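Have a look at the structure below, then the notes.
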Ligand code: SF4
């Protein structure tokens, strides 16, 4: 390892999840409750828009230092504006070690689909377990999301973040919902314009947006 420049400040994070039993013994929330996926009691989830649905309340399901949904929406809007201004049409690369999981937020043994060195990506993508995982994202949505005008942009965002109940008490609403709505309202007009440009462009052309 090379010399660290004077004044360099960085943080190395190491996360070990383990089995559900080990995870829930060592990684509990502030009320001492388990935090492995699917461990929440739906009847006890806070309702969106209440103080408990945000950080900083004793009854909140997230830590005091968790991102606030409204502030998350503000962040997304700013990143969107920056991306539009400087990075649109640029391609990013994602690193991996060859193992493929259902999702970055579900890196658990039961969600491992295989390894690129031994299994074709297409076969993992269309693995019946993976297909079920994908459909569960929409099939488990509360009615509040099904009636939302941003449904087809959002689909309830990541299932791992569905920590709230809707105003009429149905579980399964995303903790970040207020921020997501703010973002979709901000970005949708420009996104529609970009989609139209892509659809109108000849198949071989790559439009400058
Ligand atoms: S913005 Fe909120 S209500 Fe609409 S689909 Fe997303 S999570 Fe559901």
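Rule-based calculations on the coordinates, nothing more; no lab input. Note that the structure is a prediction, hence the values are computed from the model and not measured. Glycine gets a Cβ as well: all are built from the backbone with ideal geometry, and neighbour counts include every protein chain shown.
Brief remarks on what is shown
- For the peptides 169-179, 46-56, 25-35, 61-71, the ranking by mean Cβ contacts within 10 Å, running from highest to lowest, is 169-179, 46-56, 61-71, 25-35.
- Once the Cα-Cα distance is subtracted from the 0.36 nm per residue extended length, the residue 33 to residue 12 segment shows a gain of 4.9 nm.
- Based on DSSP H segments of at least four residues, each scored -39500 (n - 2.57), the chain has a per-residue ellipticity at 222 nm of -10000 deg cm²/dmol.
- Taking 0.36 nm per residue of separation and subtracting the Cα-Cα distance, full extension of the segment from residue 116 to residue 68 would add 13.6 nm.
- For the peptides 154-165, 114-125, the ranking by packing is 154-165, 114-125, with the highest mean count of neighbouring Cβ atoms within 10 Å listed first.
- Expressed as a fraction of 2.2 N^0.38 Å, the value expected for a compact globular protein of N residues, the C-alpha radius of gyration of the chain is 1.20.
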